[in-house]
Amino acid sequence: MAALQRRAIRIRGQVQGVGFRPFVYRLATRRGLGGFVRNDGAGVEIEVQGLSPVLDDFLQALRQPPPLARIDALLVKNLPPDPQDGRTFTITPSGGGAVSADITPDSAICAPCLAELFDPGDRRYRYPFINCTDCGPRYTITATLPYDRPNTSMAGFDLCPACAREYRDPGDRRFHAQPNACPACGPRLTLRDASGQPVEVADAITAALERLLLGEILAIKGLGGFHLVCDARNAAAVIRLRQRKRRDAKPFAVMAANTGSLAAWVEIGETERRLLESPQRPIVLLRQLPKSEHCLAGIAPGLAHLGVMLPYTPPHYLLFHEAAGRPAGTAWLQQPQPLLLVMTSANPGGEPLVIGDGEAVRRLGGIADGFLSHDRAILARCDDSVLMEGAFVRRARGYTPQAIRLPHSGPAVLALGGFLKNTVCLTRDDRAYLSSHIGSLDNAETCRALDEAVEHLQTILKITPARVACDLHPDFPSSRLATAYAAERKLPCIAVQHHHAHIAAVMAEHGLQEPVLGLALDGVGLGADGGIWGGELLWVDGAHFERLGHLRPLPLPGGDRAAREPWRLAVAVLHELGRNDEISRRFGTRATLIQQMLDKGINTPGTSSAGRLFDAAAALLGVRETNAYEGQAAMELEALACRYGPATPLADGFHLSDDGLLDLLPSLAWLAHGAATGHGAACFHATLARALGEWLAWAGRKSGIRQVAFGGGCFLNRLLTTHLRAYLEKTGWRVFTAAQTPPNDGGLSLGQAWVAILAASA
């Protein structure tokens, strides 16, 4: 006869705010088990009592958690049976203890909530804040753990009797759903004019859509901040948005009701469809169709890809529902809908995302014609995530701050990232938590956002760092903050070389603990020798690295200004080739001073940057002489190469010396001779991929290593990455790329943290 047993179960992972306690409750009550479940700082604690076979079945069922949950560890120990505990199972108040639970990212509205949203007979019909345990806000409304309503921005909204009954009913899917609310007790939408004053309207959604269709620009409050929104098919509205935001050419993203509504504009494969429809709802960069490039020319000018996303909050869906004529049910969502909206981050150029109502009026004045806002506070800035071919371009909403598992535990580290695309990383044991995308630290607002991100992550995770890490460049605001933070607390501060951090980030997420070759290609990073690096071949062994080779340096006429003006790089290339007579003919009298600077070596520091190589190629082909945004020339060059199609690498397009110097000047010389634009762009990419492959083959023979990690922003170029990866894998190489973080500077903080952990044990 089976004996009565009692078991204590400890579960760690993403198990708070995902309906895990109700899930456990239902499993236990269906099996007639006694005991309790509760949240605490470490995750979920369960004590359960019953007959041994039933307990075994219960444990097996636990391993198939709710949709948003993730179990990282499930620990079981036997306890003496409690004779007073019958077959009653309860959810008890949350316990305390040291916080080590993971925070759940925000999630798009689920199908059952959508069905209620569009059911005229439901009490939450068209209620903009409908949610349940399987969807809705999490991270962006959480002040601290455990994840309970008093610890969120829902604390000020008292549950009405009907919502309270749902909250307490174990059989309801809103059982312990912390943001639970309805029209009687929850947040409300408000339409405001350009000055921030409320506008009296019968329905805020109806009025907002009317304004959008008239060509107005609205700031709409979402989960992690505001969007600036306009009608994507209204060219005049798009132009006005660009003028007001001072964003002349940088691409916008668009939102459509469903994937069927996007079919006319972009190519959608099954993988991309799953991403678009996932609970994370990221922006996905998809290849534009000819109709899109013509009809939506102002959205992503000159680029091969268009950023698209689907609705993820009830207000988004309600705008499309209104445009469709308010049909009952959800069948309309299976049909293409004509409405297409520009959805771009609501921030003046270069500043952080706007999250507060007062902040929105202050910072978006002169940009937005009105505001569609609500009275639920956003506690953490969280921009939209962006992916392309499954790789992160920006890791934020839907994924932040989901933990990244490290190869092993180490001291708690606070890493503060770089200058561009800044993120913060905090580690605890064998988990790394990255902040949402913060941005470039070139203004006071973004630097303040960095301070806020550091404070919020530490507060919510209850982590006290034992070490601090930052970029090797001492003048980055992030490096200065790291130095001051460490000095104030008497902590060690580890400065990590930029490209070492890029490779270390890839090694950390893939669990690579043996030496690898690292190919780091980006715009700029301070080198260990004080030079400007950016095209590096490294040997990396944990906290140590060696520079095996680099791209041939090119002069940077005017320093950083050359990154904004690729024509200067083209002048530098012609000067290096001894073709000075062509400079003025190609670039006019403006090039005279540049030529003199190059002749005299004045303000022309050398750089091995791969990013500047792309700039030079683009300028020599006449693609782009001045960048309106970071990487514009390179992105347009890639777009031209994609449109052209496959090309053969130039036979003599590069030279590799015995000391590891890779010289691409021959391919640039060929471009300068007047290659056709599309053919030239395609040949440049093909030649570069072949050259990098040969470079790695040389390093492999020298080191005996045949595995490589790719790092740096140039690996967002999918054409280059795909060609190079295929070339290497064909010859037996193992290739590792960033999967859980962007390859660009958005992943630097993870790499810095991992190097700091390894240095502590060295």
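The values are calculated or read from the model by the stated rules, or taken from the named source; none is laboratory data. Predicted, not measured: the structure shown is a model, and the values here were computed from it. Here the Cβ positions follow ideal geometry from the backbone for every residue, glycine too, while neighbour counts run over all protein chains shown.
Worth a mention:
- Residue match in the range 298-305 (condition: at pLDDT 95 or above, buried (at least 20 other Cβ atoms within 10 Å of the Cβ), more than 23 Å from ARG624 (Cβ to Cβ) and hydrophobic (A, V, I, L, M, F, W, C)): no
- Residue in the range 678-695 that is among the polar types (S, T, N, Q) and touching a Pro at 6+ places or on another chain (Cβ under 6 Å) present: yes
- Verdict on LEU209 being within 30 Å of ASN627 (Cβ to Cβ) and modelled with pLDDT of 95 or more: no
- Hey, ASP375 closer than 19 Å to MET255 by Cα, at pLDDT 95 or above and charged (D, E, K, R) or not: no
- Residue list for the range 336-363, restricted to those being in contact with an Asp or Glu (Cβ under 7 Å, 6 or more places away or on another chain) and either part of a strand (DSSP E or B) or within 26 Å of ARG233 (Cβ to Cβ) (or both): LEU341, SER345, LEU353
- Taking the conditions (1) under 22 Å from ASP148 (Cβ atoms); (2) touching a Leu at 6+ places or on another chain (Cβ under 7 Å) in turn, GLY50 satisfies each one other than (1).
- Evaluation of GLY751 against (1) touching a His at 6+ places or on another chain (Cβ under 7 Å); (2) outside the structural domain of GLN497 (by TED's automatic domain parsing) (one fails), failing number: (2)
- Residue match in the range 651-658 (condition: closer than 13 Å to GLY549 by Cα and aliphatic (A, V, I, L, M)): yes
- Restricting attention to the range 2-26 and to residues that are within 17 Å of THR104 (Cα to Cα) and in a helix (DSSP H, G or I), the residue that is nearest to the chain's Cα centre (by Cα) turns out to be PHE20.
- Just one of the listed residues (GLY224, GLY260) is within 23 Å of the chain's Cα centre (by Cα) and in the same structural domain as ARG381 (by TED's automatic domain parsing), and it is GLY224.
- Scoring ASP193 on the criteria (1) over 26 Å from the mean Cα position of the chain (by Cα); (2) not assigned by TED's automatic domain parsing to the domain that holds LEU318 leaves a single failure, condition (2).
- In a residue-by-residue description of the range 704-717, the property of being among the aliphatic types (A, V, I, L, M), under 22 Å from the mean Cα position of the chain (by Cα) and in the same structural domain as GLY660 (by TED's automatic domain parsing) applies to at least one position.
- Only one of the listed residues (GLY329, GLY325, GLY366) is modelled with pLDDT under 95, part of a loop (DSSP other than H, G, I, E, B) and not acidic (Asp, Glu). That residue is GLY366.
- Across the range 281-297, the qualifying residues are those that are in contact (Cβ under 8 Å) with a residue 60 or more places away in the chain and part of a strand (DSSP E or B), and the one among them that is surrounded by the most Cβ atoms within 10 Å (Cβ to Cβ) is VAL284.
- Restricting the range 233-262 to residues that are in contact with a helix residue (DSSP H, G or I) (Cβ under 7 Å, 6 or more places away or on another chain) and crowded, with 22+ Cβ neighbours inside 10 Å, the residue that is nearest to GLU359 (Cα to Cα): MET255
- Single condition VAL393 does not satisfy, out of (1) assigned by TED's automatic domain parsing to the domain that holds ARG247; (2) in a strand (DSSP E or B): (1)
- Test: residue in the range 168-184 that is touching a residue at least 24 places away in the same chain (Cβ under 8 Å), of a type outside the set (Phe, Trp, Tyr), touching a helix residue (DSSP H, G or I) at 6+ places or on another chain (Cβ under 6 Å) and assigned by TED's automatic domain parsing to the domain that holds LEU285: no
- Residue within the range 515-533 that is touching an Asp or Glu at 6+ places or on another chain (Cβ under 7 Å) and either at positive phi or at pLDDT 95 or above (or both) present: yes
- Hey, PRO93 part of a loop (DSSP other than H, G, I, E, B), without any contact (Cβ under 8 Å) to a residue 24 or more places away in the chain and more than 21 Å from THR400 (Cα to Cα) or not: no
- Checked against (1) over 22 Å from GLY713 (Cα atoms); (2) over 14 Å from the mean Cα position of the chain (by Cα), GLY418 meets all criteria but (1).
- Total residues in the range 105-156 satisfying the condition of being of a type in the set (Gly, Ala, Ser), assigned to a loop (DSSP other than H, G, I, E, B) and buried (at least 17 other Cβ atoms within 10 Å of the Cβ): the figure is 2.
- If the condition is being in contact with a Lys or Arg (Cβ under 9 Å, 6 or more places away or on another chain) and surrounded by fewer than 20 Cβ atoms within 10 Å (Cβ to Cβ), then the range 357-366 contributes only GLY366.
- Every pair of residues 6+ apart whose Cβ atoms lie under 6 Å, when the first sits in the range 223-250 and is among the β-branched types (Val, Ile, Thr) while the second is surrounded by 16 or more Cβ atoms within 10 Å (Cβ to Cβ): VAL229/LEU218; VAL229/ILE220; VAL229/LEU341; VAL229/MET343; VAL238/GLY298
- Condition met for THR29 (polar (S, T, N, Q), in a loop (DSSP other than H, G, I, E, B) and in contact with a Phe, Trp or Tyr (Cβ under 7 Å, 6 or more places away or on another chain)): no
- Residue within the range 114-135 that is closer than 25 Å to ILE378 by Cα, touching a residue at least 40 places away in the same chain (Cβ under 8 Å) and small (Gly, Ala, Ser) present: no
- Taking the numbered list (1) under 28 Å from THR104 (Cβ atoms); (2) buried (at least 21 other Cβ atoms within 10 Å of the Cβ); (3) over 21 Å from the mean Cα position of the chain (by Cα) in turn, SER478 passes all entries but (3).
- Residues of the range 57-99 satisfying the condition of being more than 22 Å from GLN5 (Cα to Cα), surrounded by 13 or more Cβ atoms within 10 Å (Cβ to Cβ) and among the aliphatic types (A, V, I, L, M): LEU68, ALA69, ILE71, VAL99
- LEU556 in contact with a His (Cβ under 6 Å, 6 or more places away or on another chain), surrounded by fewer than 24 Cβ atoms within 10 Å (Cβ to Cβ) and assigned by TED's automatic domain parsing to the domain that holds ALA617: no
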